[in-house]
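Beneath this line is the structure, given in structure tokens, with notes to follow.
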Amino acid sequence: LEKKLEQLSEGSHRDFRVFISAEPAPCPESHIIPQGILENSIKITSEAPTGMHANLHKALDNFSQDTLEMCSQEKEFRSILFALCYFHAVVSERRKFGAQGWNCPYPFSTGDLTISVNVLYNYLEASSKVPYDDLLYLVGEIMYGGHITDDWDRRLCRTYLEEFIKPEMLEGELCLAPGFPLPGSMDYNGYHQYIDDALPPESPYLYGLHPNAEIGFLTQRSERLLHTVLELQPRYSSTAPGALGTQEEMVQALLEEMLEKLTDEFNMAELVAKVEERTPYTVVALQECERMNVLTAEIRRSLTELELGLKGELTMTSDMETLHNSLFLDTVPESWVRRSYPSTASLGSWFADLLARINELEAWTRDFSLPSTLWLGGFFNPQSMLTAVMQTAAQKNKWPLDKMTLQCDVTKKSREDFANAPREGAYIHGLFMEGARWDVQAGTITDARLKELTPAMPVLFIKAVPDDKQDPRGLYPCPLYKTRQRGPTYVWTFNLKTKESPSKWVLAGVALLLQV
């Protein structure tokens, strides 16, 4: 191809151009467009529009004036069609907010929108009333819901539709976003004009999110950029006098410091002998110690091996090289991550967090009495602790375990105010809220303050109750995750009190986190 292009370019017309189109190949090895062609070309890519304004115009571009006129129930059809376009733009563009937008990214396409409008047309032609429930189910659970694999994302998709498509929309009382009412019946160009005139400027409010969500995703984007720059810097440069020293010296110093701070492993035989009665809580403590031993043993082994490698007593292997690079770039090495708990922290804060976890376990295993408040984020498996609370109550009250649920009461106190563990249940601390904050005085969820991305929660009191004792009114079922990555780090659902409609917090992506 390259030779042919060279031959054709000699003596050809000066306006002669060759257009080559290409699609992404399934694997990197197939990306074999010759470098010479790439260097001589003007490269054009078709990127999805960014921002609500462009997305809403693009969604509406799939239709025409004829589409608007084809249905006998014209007013209802036009209103719901515009609401569906707004819904499509929101769910497509919400991806940019990362895990606070969607737990997993989904490939929503214009095909989903056009098929939903066809379904809407068929249903309105077949019945005189608007079948809201049927439409919500078909669009939310099948057309768009067919892509969705996460239950919390399914709830979000359903909530958007419930907010945008309801009987009030025909009375002109529905706002798709603050300051953006659903337009009445207009012609096709009128709708495009309405978007230009009435749509507020781009902000997280258009998606039902708090402005802090934007700070979060811009910060993460900057961190990724800076991390890439750090990886590109030369590793083996000769340093000027008084500089930090070579990479090897830095790694050597860090390695010695870590080995010095790392405590001995737990003596499992001794701990098991100390246990008088294997209650659910002691079983959890012993499991946590075993997992911690596996991790600390790997850390000690790999660091000692690398130390010998740096001294020249062992040949450097690829694993040791990888560990060396991780220590230099302040990231948690892969072999540690595999035996560890989910975390988004850099190596320095991850190691400090590890030592804090070991301290907590040491304090608990001295006499195996339940600590006054538990640091839920300090567990490898927080679910096991919450299940132990239910098992203990089930054994004590002779309740069936599968008919029980956890009741969550937020106290007004902090960790230092508790001297003893409660008679039943447990106090837990170290939780953070993302997307909103907890109002301690009012005892409800309320809007977050600007620039406070993850405010800390007061101590929570967790106790097990039978299923039928829980009153769901005025409660927001709030998911609890281990990290800000959300998705696979899901732990439990806590019902938190709210004065406002729970749907507001669903759209705002409000969740509790165990670490930030």
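The values are calculated or read from the model by the stated rules, or taken from the named source; none is laboratory data. Keep in mind that this is a model prediction, so the values were computed, not measured. Positions of Cβ are backbone-derived with ideal geometry, glycine not excepted, and every protein chain shown enters the neighbour counts. Note: accessible area is taken over every heavy atom of the protein model, side chains too, but ligands, DNA and RNA are not part of it. Shrake-Rupley method; radii C 1.70, N 1.55, O 1.52, S 1.80 Å.
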Notebook entry, point to check: Hey, rough spin-label estimate for Glu265 and Ser501, points 7 angstrom out along Cα→Cβ, what's it come to in nanometres?
Noted result: 5.6 nm
Item checked: Å² per residue, accessible surface of region 246-369 at 1.4 Å -> 51 Å²
Note to self: If every alpha-carbon in region 1-40 counts as one equal scatterer, what log10 I(q)/I(0) does Debye give at q = 0.22 1/Å?
What the structure shows: -0.83
Next item on the list: Enumerate the aspartates and glutamates that Lys497 could reach by cross-link, defined here as Cα to Cα under 19 Å, with residues fewer than 8 away along the same chain left out.
Entry: Asp409, Glu434, Asp439, Asp447, Asp467, Asp468, Asp471
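Computing the accessible area with a 1.4 Å probe over protein heavy atoms, can you report the carbon and sulfur percentage for the chain? Please list the in-between numbers first.
Details: 14460 of 27650 Å².
Here it works out to 52 percent.
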Check: If one computes the Cα centroid of region 154-197 and of region 375-439, what distance in Å separates the two points?
Finding: 41 Å
Notebook entry, point to check: How big, on average over all directions, is the shadow cast by the Cα convex hull of the chain, in nm²?
Noted result: 35.9 nm²
Next item on the list: May I ask which of Lys166/Lys403; Lys412/Lys469; Lys396/Lys469; Lys75/Lys96 have a Cα-Cα span longer than 25 Å here?
Entry: Lys166/Lys403; Lys75/Lys96
Checklist line | Mean projected area (nm²) of the alpha-carbon convex hull when region 1-75 is viewed from all directions | finding: 10.0 nm²
Checklist line | Largest-first principal axis extents of the Cα set of region 74-202 (Å) | finding: 37, 36, 24
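Using only the Cα atoms of region 131-277, construct the convex hull and provide its projected area averaged over every direction, in square nanometres to one decimal.
Numbers: hull surface 84.2 nm².
One quarter of the hull surface, i.e. the mean projection, equals 21.1 nm².
Determine how many Å³ per residue the convex hull of the Cα atoms of region 446-516 encloses. Could the numbers behind the result be given before it?
On the way: hull volume 8.2 nm³, N = 71.
Each residue corresponds to 116 Å³ of Cα convex hull volume.
If you take the Cα Rg of region 372-515 and divide it by 2.2 N^0.38 Å, with N the number of residues, what do you get? Walk me through the numbers on the way to the answer.
Values: Rg = 14.8 Å, N = 144, 2.2 N^0.38 = 14.5 Å.
Normalised by 2.2 N^0.38 Å, the Cα Rg of region 372-515 equals 1.02.
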Notebook entry, point to check: Restricting attention to the alpha-carbon atoms of region 257-299, what are Rg (one decimal) and Dmax (integer), both in Å?
Noted result: 12.2, 39
Next item on the list: Please work out the ratio of the alpha-carbon Rg of region 147-221 to 2.2 N^0.38 Å and round it to two decimals.
Entry: 1.34
Item checked: Equivalent ellipsoid semi-axes - Cα gyration tensor, region 246-369, angstrom -> 31, 14, 12
